[in-house]
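The values are calculated or read from the model by the stated rules, or taken from the named source; none is laboratory data. Owing to the predicted nature of the structure, the values given are computational and were not obtained by experimental measurement. Note that we place each Cβ from the backbone using ideal geometry, even for glycine, and neighbour counts take in every protein chain shown.
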Amino acid sequence: MNPAANLILVGPMGAGKTSIGKRLAERFGLRFVDVDHAIVEHSGASIPMLFEHVGEAGFRQREREMLAQVLAGEGQLVATGGGAVLDADNRRRMRERGFVVYLRVGVESQLKRVGRDRNRPLLQAADREQVLRDLSAAREPLYREIADLTLDTDGLNPHEATCALVGQLAAQWQRGGHAAGEHAA
């Protein structure tokens, strides 16, 4: 058993972090937090607007701040943005504050799932497949580096993926954290 205060989902866009995350949160009695959604709520601007006005660097700064704020809590299922792993501090925080599940998905499945999505700034390119391949090459090693558990979601709908994860998590993850009155050493 690997005790951890939070359950954290990482992986590329289209892997199912939000749809699977909501189901897992309900199953395990955790509060669901989508970091991208929290950034939008806090800033009052959509992710495409943030990319347009502050660039990717400005968005990543907001992502780093929001992830730190969210991971200070416990009893949550946290769905991260696909690029959250790019920051070394984010990776360290995720490892320290949660049990990390990497939802892997192939580029072909990503294209089917998010190929027409216009709310993903990194996909606003002529060759979306090449963009996804480049993102995968850069991020895949980082997802693997921090993952406590990996699930390939290719060919699985959210219900099937959730069922597969429930059994694996029951065997490998124990909800941890500090009981009332305990303090971190």
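A few comments on the model shown:
- Picking from residues in segment 90-128 that are part of a loop (DSSP other than H, G, I, E, B) and modelled with pLDDT of 90 or more, the one that is farthest from Leu7 (Cα to Cα) is Gly106.
- The condition of being of a type in the set (Gly, Ala, Ser), in contact with a Ser or Thr (Cβ under 6 Å, 6 or more places away or on another chain) and in contact (Cβ under 8 Å) with a residue 60 or more places away in the chain does not hold for Ala5.
- One residue alone among Val166, Val131, Val85 is assigned to a helix (DSSP H, G or I), among the β-branched types (Val, Ile, Thr) and over 21 Å from Ala4 (Cβ atoms), and that residue is Val131.
- Taking segment 25-61 as the range and being more than 14 Å from the chain's Cα centre (by Cα), under 26 Å from Arg175 (Cβ atoms), assigned to a helix (DSSP H, G or I) and of a type in the set (A, V, I, L, M, F, W, C) as the test, only Phe28 passes.
- The numbered conditions (1) touching a helix residue (DSSP H, G or I) at 6+ places or on another chain (Cβ under 9 Å); (2) hydrophobic (A, V, I, L, M, F, W, C); (3) without any contact (Cβ under 8 Å) to a residue 40 or more places away in the chain are all true for Ala137 except (1).
- Count of segment 40-58 residues which are in contact (Cβ under 8 Å) with a residue 40 or more places away in the chain and within 22 Å of Gly16 (Cα to Cα): 3
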